[in-house]
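One structure below.
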Amino acid sequence: MNRLLLIGLLLIVAIAAPFFVYPVLLMTVLCFVIFASSFNLLLGYAGLLCFGHAMFFGTAAYITGYVLKTTPISIEIAILGGALFSAAIGYGVALVSVRRSGIQFAMITLAISQFIYFVLLQSEFTGGEDGMQRIPRNDLFGVIDVADNNAYYYVVLAFAVAAVALVYRIVHSPYGEVLKAIRDNEPRVESLGFRPERYKVLAITLSAGLAGLGGALKATVFQFATLTDVSWTVSGEVILMTLMGGLGTLVGPMVGAGLVIWMNDELSQFGEWSLIAQGAILLLVIIFFRRGVVGEVQNLVRLVRSR
Amino acid sequence: MSAIMDTAQIDTTSAQDYALETRDLGKSFAGFYAVKGVNLQVRRGSVHALIGPNGAGKTTCFNLLTKTLSPTTGKVFLEGRDITRLRTAQVAKLGLVRSFQISATFPHLTCLENVRVALQSDYGKSFRFWSPISAVSELNARAVELLERVGLANALDLTAAELSYGKKRALEIATTLALDPKVLLLDEPTAGMGHEDIEPITKMISEVSDGRTILIVEHNLSVVATLCERITVLQHGEVLTEGTYDEVANDPDVITAYMGGVDEL
Ligand SMILES: Nc1ncnc2c1ncn2[C@@H]1O[C@H](COP(=O)(O)OP(=O)(O)O)[C@@H](O)[C@H]1O
Ligand SMILES: [Mg+2]
């Protein structure tokens with residue numbers, strides 16, 4: 001009951017938000033909320049640390065952008081197409097990496113993401129260093145004009161709500177139960193007659209698809225796609241968001257995405273120094289807020305209640 | 001030793017009488033044989049102990065039986081069927097399930113979830129990421145029943161991490177039993193337990209042995225004496241002797257072998 005109230009309240013805030021805050025900033029946050037949630041699904045619930053998660057984010061941005069530029073397909077289909085494309089890449093990445101775990105898995109995903117970065121840099125259709133410019137926002141469902149940012153905000157919000165709901169559903173599904181068991185003790189799950197690799201392949205595929213959704217949306221929000229979205233800095237940023245917000249909690253990545261984007265905004269005036277500040281903040285979080293902001297708050301509430 | 005390892009008797013017993021059998025089973029780690037030439041025969045429906053000093057190769061044996069490790073030499077048969085080339089998951093599906101020496105629970109899942117995961121193994125919905133968890137709520141009754149059986153009826157919603165050591169082992173046994181295994185391998189189920197936990201666990205193992213075959217690694221000899229019809233003694237990866245409790249306990253080779261490791265007895 002309490003939870004429903006909270007969700008309702010959050011939704012009202014989200015619906016009213018563009019009247020108070022610049023909608024493009026809000027949409028950016030929402031794209032990263034989806035991205036961070038996808039990363040959290042993988043690390044928090046499957047125990048897999050992906051060092052190249054931006055490859056799914058950025059590739060979908062280009063694919064969706066390309067579809068919108070070259071075809072009259074309606075915008076929601078183009079976005080889902082980009083997400084599906086990333087899911088397919090995720091499936092491929094999963095097949096080659098799933099037997100590895102821990103740091104080896106992280107390294108393989110980093111290597112593949114660097115390779116994809118290079119491919120996109122060299123490709124004709126991406127515009128190379130210049131990026132892909134002037135991506136149009138085709139009509140929603142082929143009829144509704146969403147060129148206006150205030151209108152488009154609600155489209156992005158709908159996608160974000162659906163994505164977070166999907167993550168919630170996955171985590172609380174029969175599959176999610178097995179996935180969490182694999183995270184906790186993989187050999188044991190295997191000894192119970194499961195093939196853990198198959199569950200992990202599905203987790204990577206789903207996570208990649210969701211990350212792609214975030215990237216595809218971002219391309220339509222800014223109406224351009226760049227190599228930055230595929231770069232290791234963005235891969236690092238999503239780790240930062242998830243850890244800062246709270247790994248393995250559903251709200252954590254949302255809070256984390258908001259915090260990091262706000263922080264980047266504040267720090268951008270310091271130029272190159274912002275990277276160093278980011279690193280320092282991550283260190284502080286790791287040392288003092290091991291559970292992330294949301295995790296620490298949950299823990300506090302639990303402590304107070306048990307008194 | 002020859003009196004116990006009566007070869008004539010082995011020849012006259014048909015392979016069908018053994019739930020689990022190994023022939024010349026061996027495992028080398030970079031040239032060092034942790035298990036060597038082990039011929040183990042576990043009668044269907046019996047409780048069989050595998051004992052031996054630390055480092056004798058008991059856990060490695062288990063790993064070979066459940067294919068956690070693949071053998072360097074030899075073969076493993078389950079109910080007469082060669083399972084040497086199968087994977088762990090396939091072996092489990094055929095009814096050979098193990099517990100681990102180091103307690104193997106899912107710490108962040110509740111007791112109910114721990115057992116339900118195992119029940120999901122045969123339920124066919126474990127890839128349903130789009131279904132709510134209520135899709136498998138049919139399994140809850142069975143999970144609760146299993147938990148009651150091991151004395152965890154009051155702990156359904158506690159996470160495994162919150163349980164005492166003894167209760168974790170009990171949870172692990174409930175999880176293993178969820179698969180209704182034909183052959184159960186228990187690796188030191190009472191290790192690290194206080195006296196108050198050992199008795200109930202022993203009683204529980206004796207209860208669940210009904211209609212099953214159990215191979216158990218156990219250091220506590222009074223537990224072995226209570227539970228086991230036959231005992232195989234391993235030393236340096238090889239079978240030292242095999243027999244009933246009395247035969248083994250009076251074997252001079254066993255007494256010598258245990259001189260270095262009396263502390264465990
Ligand atoms: N993965 C491994 N790599 C190398 N040596 C191992 C490995 N596992 C076990 N051993 C060695 O094999 C021997 C038997 O170990 P183990 O089967 O655990 O003994 P037990 O369970 O009887 O105490 C020990 O000497 C141990 O060090
Ligand atoms: Mg051992």
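The values are calculated or read from the model by the stated rules, or taken from the named source; none is laboratory data. Fair warning: this is a prediction, and the values are worked out from it, not measured in the lab. Please note: Cβ atoms are built from the backbone with ideal geometry, for glycine as well, and neighbour counts cover all protein chains shown. Accessible surface is based on the protein model in full, side chains and every heavy atom, while ligands, DNA and RNA are left aside. Shrake-Rupley method; radii C 1.70, N 1.55, O 1.52, S 1.80 Å.
Some values worked out for this structure:
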quantity	calculated
Qualifying residue in segment B:91-98 (condition: in a loop (DSSP other than H, G, I, E, B) and at positive phi)	yes
Selected residue (criterion: nearest to the other protein chains (Cβ to nearest Cβ)) from residues of segment B:90-100 that are at pLDDT 90 or above and surrounded by 21 or more Cβ atoms within 10 Å (Cβ to Cβ)	B:Ala92
Segment A:177-186: number of residues that are assigned to a helix (DSSP H, G or I) and within 7 Å of chain B (Cβ to nearest Cβ)	5
Within segment A:1-72, helices (runs of 4 or more DSSP H) holding 2 or more residues that are crowded, with 24+ Cβ neighbours inside 10 Å	A:23-46, A:54-70
Helices (runs of 4 or more DSSP H) within segment B:194-259 that include 1 or more residues within 16 Å of ligand 2 (Cβ to nearest atom) and under 21 Å from B:Gly151 (Cα atoms)	B:221-227
Matching residues, segment B:101-120, being more than 7 Å from chain A (Cβ to nearest Cβ) and either closer than 12 Å to A:Glu190 by Cα or open to solvent by less than 10 Å² (accessible area, probe 1.4 Å) (or both)	B:Cys111, B:Asn114, B:Val115
Filter pass, B:Val35 being away from ligand 1 (no atom under 16 Å from the Cβ), modelled with pLDDT of 90 or more and open to solvent by less than 30 Å² (accessible area, probe 1.4 Å)	no
In segment B:66-83, the residues that are of a type in the set (Ser, Thr, Tyr) and surrounded by fewer than 17 Cβ atoms within 10 Å (Cβ to Cβ)	B:Ser70, B:Thr72, B:Thr73
Filter pass, B:Lys67 being out of contact with any strand residue (DSSP E or B) (no Cβ under 7 Å at 6 or more places or on another chain) and either away from ligand 2 (no atom under 16 Å from the Cβ) or touching a residue at least 24 places away in the same chain (Cβ under 8 Å) (or both)	yes
Some residue of segment B:44-65 being among the β-branched types (Val, Ile, Thr) and either within 10 Å of chain A (Cβ to nearest Cβ) or open to solvent by 50 Å² or more (accessible area, probe 1.4 Å) (or both)	no
Segment B:165-196, residues that are more than 14 Å from the chain's Cα centre (by Cα), open to solvent by less than 60 Å² (accessible area, probe 1.4 Å) and within 25 Å of B:Val117 (Cα to Cα)	B:Gly166, B:Lys168, B:Leu171, B:Ala178
Tally of residues being more than 14 Å from every other protein chain (Cβ to nearest Cβ) and surrounded by fewer than 16 Cβ atoms within 10 Å (Cβ to Cβ) across segment A:155-176	1
Subset of segment A:177-189 [within 24 Å of the chain's Cα centre (by Cα) and open to solvent by 60 Å² or more (accessible area, probe 1.4 Å)]	A:Arg183
Any hit, segment A:190-205, residues being more than 8 Å from every other protein chain (Cβ to nearest Cβ), part of a helix (DSSP H, G or I), in contact with a Gly (Cβ under 7 Å, 6 or more places away or on another chain) and open to solvent by 10 Å² or more (accessible area, probe 1.4 Å)	yes
Subset tally (residues that are within 14 Å of another protein chain (Cβ to nearest Cβ) and within 16 Å of ligand 1 (Cβ to nearest atom)) for segment B:184-226	3
